[in-house]
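The values are calculated or read from the model by the stated rules, or taken from the named source; none is laboratory data. Owing to the predicted nature of the structure, the values given are computational and were not obtained by experimental measurement. Cβ sites come from the backbone with ideal geometry, for glycine too, and all protein chains shown count toward neighbours. Keep in mind that these areas ignore ligands, DNA and RNA; they rest on the heavy atoms of the full protein, side chains included. Shrake-Rupley method; radii C 1.70, N 1.55, O 1.52, S 1.80 Å.
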Amino acid sequence: MKATNTGPCGMRRLGLLLLLLAAGLWGGVAAAADPIVRIDTGELRGDRSGAIDIFRAVPFAAPPVGELRWRAPQPPQAWDGVRDARAIGPRCPQQNSFSTFAPGPMSEDCLYLNLWVPRGGAKLPVMVWIHGGGYAAGSGTMALYDGKALAKRGVIVVTINYRLGRLGFFAHPALKAERDAKYPGEPMGLYGILDQIAALQWVRRNIEAFGGDPGNVTIFGESAGGGSVTQLMVSPLSKGLFARAISQSGATGTSIEPLMEVSVPERPSAMVMAQAFLKSQGVPDAIDARGLRALPVELLLKTQLMSERGAVFVDGTIVPDSVGKLFAEGRQHAVPFLLGANSHEGSTVVAGPNGGMAQIAPDVSREQLEALYGRKSETGYAQYWYGDSRFLAAARYLAGNMARAGGEAGAPAYLYYFSYRTQAQRDYYSGVRHADDLPYVFQRLAEFETGAGPADYRISSLMGSYWTNFAKTGDPNGPGLPRWDAYRASDDNWFEIGENGLVMKPGLLAERLEWHIARFKRAAGIP
């Protein structure tokens, strides 16, 4: 056996080894390289990936469990020592059929956010992502939303969770009675939106510790996340928490949301809907707030489908009125707004009892549909109707109101139409489906689009440039990019991101969209 070196040199090496071990620097070189940041509740240890530091599962509010279920989010608790922020956190409760939307465990204790931070930056723009999933599914932990590629463009990316389904969007007389007695004035009902506001407040308090600029925050989201963006655009509680906004396929603008307490014709209030659901599950009408909080999560998830639209309602405080009405009155926040939709958003509509003509308003005749779209099958009509009324017309309607209220000098709108299909898909799909823009924006084509080629990566790179330029300055344009003009209602000028290039396209689908907007305005009583 080889003798151990215990001479002077050997002893010095042993002493150095012991010092390194005590300092956590030996055999833990990776640990020494891990970024550590102090925020208002304690220190965080993150991961280092090239030039980007990553922090996961950072609490931005107290766990909404027990007495805090169906309460406005409360401040997170401080901790001692260094909190490990390197593992994926839990996603909010959702049906198992939606589990592919997000990895990791599932728990009511889910109010966490994740950050991708360019190392060594100062006063960096911040982009806060709000995920989609019909207000009933998804998570900020989805692999699709990895923020590393966008962060490499010089922005901090933050992804957040928010309470979903009946845990996030729920109103009941027992909860109102408790609120009035114990927490007067506390907003209630739209808990998922309150969670998003709490996350933005966390960013305002803490982002400087990561090198970010709290005065240059962009919120962006898709589908329910894009709808959340429009709700935040009109919420008095979010004023001043963001400087710019991006809504991708956000649907709220052309919905007449049911109220929390007062029903409108053919639209029951959120409270009536909650009571009807509980009755169907054998829960007595006289249940109090304590009894509601004792209900198992599994019961609350029953029949909770993304197509259930009870999630989006007007509470009167968080969202004072219909988003469409508030935009028409110029009551949205005066911040630059980038928004748009995909060319074939309605392609997920299927035939059957809940598809085809059942997706279309009962007062619309087949003759009217044929005049708008030509001869189609029932499913074909439903797809065009759904895509136009809920997404494309919504985007144009909101952009037009932004142009009238703020214009290019104040808070411009930039309106896009995404019609680009990955080259390998063009023989299989007739248009761009709902959410197909996400791999382009997040620069994730390699992971989420089979057969992507150089032309596809070029489009993705251009979109990454437009989105991050907008986050930096409020204007998506930059050197070497095709010009994207601010929206002008008189020109109806869209920016098409399509297979024939990136070009301004005035009057895009004008007749169809004008018909849908006029119908919405009549129904909503908007002049």
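Can you pull out the trypsin sites (Lys or Arg not before Pro) in region 399-501 whose DSSP state is coil and whose Cβ has at most 11 other Cβ atoms within 10 Å?
Of the trypsin sites (Lys or Arg not before Pro), the ones in loops of region 399-501 whose Cβ has at most 11 other Cβ atoms within 10 Å are R426, R483.
Which pairs in the list K325/K472; K279/K302; K148/K472 are over 19 Å apart, alpha-carbon to alpha-carbon?
K325/K472
I need the chymotrypsin sites (Phe, Trp or Tyr not before Pro) found in region 32-136, filtered to DSSP loop residues with at most 15 other beta carbons within 10 Å of theirs.
Sites meeting the loop and neighbour criteria: W79.
Under a plain spin-label model, where a point goes 7 Å from the Cα along Cα-to-Cβ, how far apart in nm are D180 and S490?
5.2 nm
Report, in deg cm²/dmol and to the nearest 500, the calculated mean residue ellipticity at 222 nm for the chain, where each DSSP H run with n ≥ 4 adds -39500 (n - 2.57) and the sum is divided by the residue count.
Taking each H run of at least 4 residues, the total per residue is -9000 deg cm²/dmol.
Given [x] 1.02; [y] 0.97; [z] 1.16 as candidate values of Rg/Rh (Cα atoms, Kirkwood Rh), which corresponds to the one derived from the coordinates?
Computing Rg/Rh (Cα atoms, Kirkwood Rh) and matching it to [x] 1.02; [y] 0.97; [z] 1.16 gives [x].
Not counting ligands, DNA or RNA, and with a 1.4 Å probe, what is T41's accessible surface area in Å² rounded to the nearest 10?
10 Å²
Could you work out the relative contact order of the chain, using alpha carbon pairs under 8 angstrom and six or more residues apart, expressed as a whole percent?
Once divided by the residue count of the chain, the mean separation gives 12 percent.
May I ask you to give the solvent-accessible area per residue for the chain, in square angstrom, as obtained with a 1.4 angstrom probe?
Here the residues of the chain average 41 Å² of exposed surface.
With all protein chains present, how much of the accessible area of region 369-478 (probe radius 1.4 Å) comes from carbon and sulfur, to the nearest whole percent?
45 percent
Obtain the nm distance between the two label points defined at Y457 and D427 by a simple spin-label model: each point lies 7 Å from its Cα along the Cα-to-C-beta direction.
Once both label points are built, they end up 2.3 nm from each other.
Give me the net charge for the shell around I52: Cβ to Cβ below 12 angstrom, other residues only, Lys and Arg +1, Asp and Glu -1.
In short, +2.
Compute, for D288, the solvent-accessible surface of its heavy atoms (probe 1.4 Å) with the complete set of protein chains present, and express it in square angstrom to the nearest 10.
Around 90 Å² of this residue is reachable by solvent.
To the nearest 0.05, how large is the calculated FRET efficiency for S365 and L295 if R₀ is 45 Å and r is the Cβ-Cβ distance?
Efficiency computed from Cβ-Cβ geometry: 0.55.
Kindly write out, for region 476-481 in residue order, the coupling ³J(HN,Hα) from the Karplus curve 6.51 cos²θ - 1.76 cosθ + 1.60 (θ = phi - 60°), rounded to whole Hz, with x marking Gly and Pro.
Computed from phi, the couplings for region 476-481 are x, 6, x, x, x, 9 Hz.
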